[in-house]
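Below: one structure, written as structure tokens.
The values are calculated or read from the model by the stated rules, or taken from the named source; none is laboratory data. Note that the coordinates shown come from a computational prediction; the quantities given were computed from them, not determined experimentally. Backbone-built Cβ (ideal geometry, glycine too); neighbour counts: all protein chains shown.
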Amino acid sequence: MKEQPKIFLINLKNSTERLEKSTERLNSQHIDFERIDAVHGKSLSEDEVAAHYSAEMNRNKFYRPLSRGEIGCYFSHRKAWQKIVDQKLDYAIVMEDDFRPVGELAQVFNALETLNGQWDLVKLAAYNNRERPIRYKTPWNSHFDLVIHNKAMTGCCAQAITYAGAQKLLAFSEQFGRPVDTDIQHIWETDVPVISLMPYYIEQDLEFDSDISQIAKGDIIKKHFLKRKKQQILEKLNNRTATNQVIKQLQSWAANHNA
């Protein structure tokens, strides 16, 4: 295997237990990482929030206002994407500090190396370790399949992102109104196709309470049922068309790989 890819670990300053556990887990597999100081949403001023979070866009594109925790989470991932661009990395793995390895991560790194840059974003874990119906999959090597789900998986526990993918996501999120993982699902808007490397060798550690939930505690979040249903119908139609395009790309790509 080549030198391990750069790993960025998003971690709040006060989440020392999470950092200790993350360090222990990565050290056990001899993996280095760079810590990214996560953005504490409630510590942001109104002007700092408005630099990227658009209340108007939120009203138009989402069914409820974002909590400060969700806004801080988005800002934190933007810091990671900016690192990829600033350091001119071919790609990097961005992880949140509630991950748990359930396989040898060197195998994940090997698989990513053989993708030869023909991708933008690869999911390496799922939110709350949930499953979602698979639309298409193709064997990649003796360990993994490349998978396209009916809709891209939620959660940002662990994902690999290329230089081009980071550039697109930064440009797209210069102003945002939805949670970061929801925006990533909107592949027809971001122009960042999402595939999964499965089985996942990383899980979300559900023993940790969500930092986002803790930060958002006490915030009033009002859900608008009818507004959400309308959005879901439009999203389903757009997602179907975009997913079909990603499948065609992956089929061509896999055919060349197996030739």
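Structural remarks
- Residue 220 vs. criteria at pLDDT below 95, of a type in the set (A, V, I, L, M) and outside any loop (DSSP other than H, G, I, E, B): no
- One residue alone among 111, 125, 92 is in a helix (DSSP H, G or I), among the small types (Gly, Ala, Ser) and surrounded by 14 or more Cβ atoms within 10 Å (Cβ to Cβ), and that residue is 111.
- The one condition from (1) over 23 Å from residue 206 (Cα atoms); (2) in contact with a strand residue (DSSP E or B) (Cβ under 9 Å, 6 or more places away or on another chain); (3) in a loop (DSSP other than H, G, I, E, B) that residue 174 does not meet is (2).
- Taken over region 147-160, the criterion of being out of contact with any helix residue (DSSP H, G or I) (no Cβ under 6 Å at 6 or more places or on another chain) and surrounded by 17 or more Cβ atoms within 10 Å (Cβ to Cβ) is satisfied by 147, 149, 153, 157, 158, 159.
Quick grid of which residues meet (1) closer than 17 Å to residue 152 by Cα; (2) assigned to a helix (DSSP H, G or I):
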residue: 60; (1), (2): no, yes
residue: 66; (1), (2): no, no
residue: 82; (1), (2): no, yes
residue: 107; (1), (2): no, yes
residue: 132; (1), (2): yes, no
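- Listed by first and then second residue, the pairs with beta-carbon distance under 6 Å, at least 6 apart or on different chains, first residue in region 191-219 and within 16 Å of residue 94 (Cβ to Cβ) and of a type in the set (Val, Ile, Thr), second modelled with pLDDT under 90 and surrounded by 16 or more Cβ atoms within 10 Å (Cβ to Cβ), form an empty list.
- Residue 67 vs. criteria surrounded by fewer than 17 Cβ atoms within 10 Å (Cβ to Cβ) and touching a residue at least 12 places away in the same chain (Cβ under 8 Å): no
- Positions within region 7-30 being within 20 Å of the chain's Cα centre (by Cα), of a type in the set (Val, Ile, Thr) and more than 22 Å from residue 68 (Cβ to Cβ), in sequence order: 7
- Here is the figure for region 233-259: residues that are touching a strand residue (DSSP E or B) at 6+ places or on another chain (Cβ under 9 Å) and closer than 15 Å to residue 196 by Cα total 7.
Residues are listed down the side, and each one gets a yes or a no for (1) more than 30 Å from residue 60 (Cα to Cα); (2) under 14 Å from the mean Cα position of the chain (by Cα); (3) not small (Gly, Ala, Ser):
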site	(1), (2), (3)
85	no, no, yes
102	yes, no, yes
125	no, yes, no
137	yes, no, yes
141	yes, no, yes
163	no, no, yes
170	no, yes, yes
184	no, yes, yes
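- If the condition is being assigned to a loop (DSSP other than H, G, I, E, B) and under 18 Å from residue 92 (Cα atoms), then region 1-53 contributes 1, 2, 3, 4, 5, 29, 30, 31, 32, 33, 38.
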